[in-house]
Amino acid sequence: MKRYAILAYGLVCYAIFFATFLYAIWFVFNMDAAPGSVMSPLWERLLIDAGLLSLFALQHSIMARQFFKRAWTTIIPTAAERSTYVLFASLALLLLIRFWQPLLRPIWRVENPMGIMALRVLFFIGWAIVLISTFLIDHFELFGLKQVWCFFAGKEFKTLGFVTPGPYKFVRHPLYLGFIIAFWSTPTMTAGHLFFAVMTTAYILVAVQLEERDLLRFHGEQYRSYQSSVSMLTPFPRKKSS
C-alpha cells in the first residue's frame, strides 16, 4: 500500500509542477496583467513583491541543501523527498503568481515590429532551453518521478551522475541561462517586470554558487576541472581548458 501511495503522491506532485510551469510562462508573458490592486501605495506593492520573491528563493535554497534533506527524510520517506521539494516549489511559485502586485510604469518600450518579434521569439527560446536542459540531465529524476517509480518497482535508485550533454558543454548552467533569457525578453519593460527580472537574476547568481558548492562536494576534481574549462552562464568568450 505504501508503494502505491508514494507513487501516486509523486505523480500528483509532478502534475502540479507541470501545470505551474505552464502558468509561470503565461504569468511572465503577461506580467502586468497579474492580479493585485494598483491603487495601493507603491511601497506596499514593492514590499509584497519582495516578500513573495524572498519566500520563493528561501524555499528553493533551504530545501535543496543537504542538511535539510537529511533532516527532512527522518520525517518523510526518502523516495518522496524530491517530489515534496517539487510540490513546495510549485506552491511557492503559485503564491508569487497569485499575489504579485503589478507596477505598471513603463521603463522602456520597443516599437519596431521586428524588434518585438525578436524579443517574443527569445522569450520562448529561453523557456525551451529550460525545459530541454531538464531532459538532458534526467527530467524524471529532477522532478522526483524516477525516485518514486524505483521505490514502487522495488528497484535500486541510481542517479544519472555527472554528465555534460549538449549545451552543458558550453555553459555550466544552461537551465539558469534559459530563465534569464526568458525573464528579460520583453518588448515592454515595466517597473514591475524590471524588478522581477533584476531580483530573479540576482537570486540565480547566488543559487549558482550554492549549487556549485554542492556539486564540488559530490564530484570533486571532476567538477573542478569542468569549472575551469566551461563558463558559468555565458558561452562567450570560451574558457581555455587548463
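The values are calculated or read from the model by the stated rules, or taken from the named source; none is laboratory data. Computed from a predicted structure; not experimentally measured. Please note: Cβ atoms are built from the backbone with ideal geometry, for glycine as well, and neighbour counts cover all protein chains shown.
Some notes on this structure:
- Residues within the stretch 103-129 that are surrounded by 13 or more Cβ atoms within 10 Å (Cβ to Cβ), in a helix (DSSP H, G or I) and aliphatic (A, V, I, L, M), tallied: 7
- Some residue of the stretch 130-150 being in a helix (DSSP H, G or I) and more than 30 Å from LEU216 (Cβ to Cβ): no
- Any hit, the stretch 162-177, residues being touching a Gly at 6+ places or on another chain (Cβ under 7 Å), modelled with pLDDT of 95 or more and either acidic (Asp, Glu) or part of a helix (DSSP H, G or I) (or both): no
- Residue pairs whose Cβ atoms lie under 9 Å apart, separated by 6 or more positions or on different chains, with the first residue in the stretch 221-235 and in contact (Cβ under 8 Å) with a residue 60 or more places away in the chain and the second among the acidic types (Asp, Glu) and surrounded by 15 or more Cβ atoms within 10 Å (Cβ to Cβ), are TYR223/GLU212; MET232/GLU212.
- ALA24 fulfils the conditions (1) modelled with pLDDT under 90; (2) under 19 Å from TRP127 (Cα atoms); (3) not polar (S, T, N, Q) except for a single criterion, (1).
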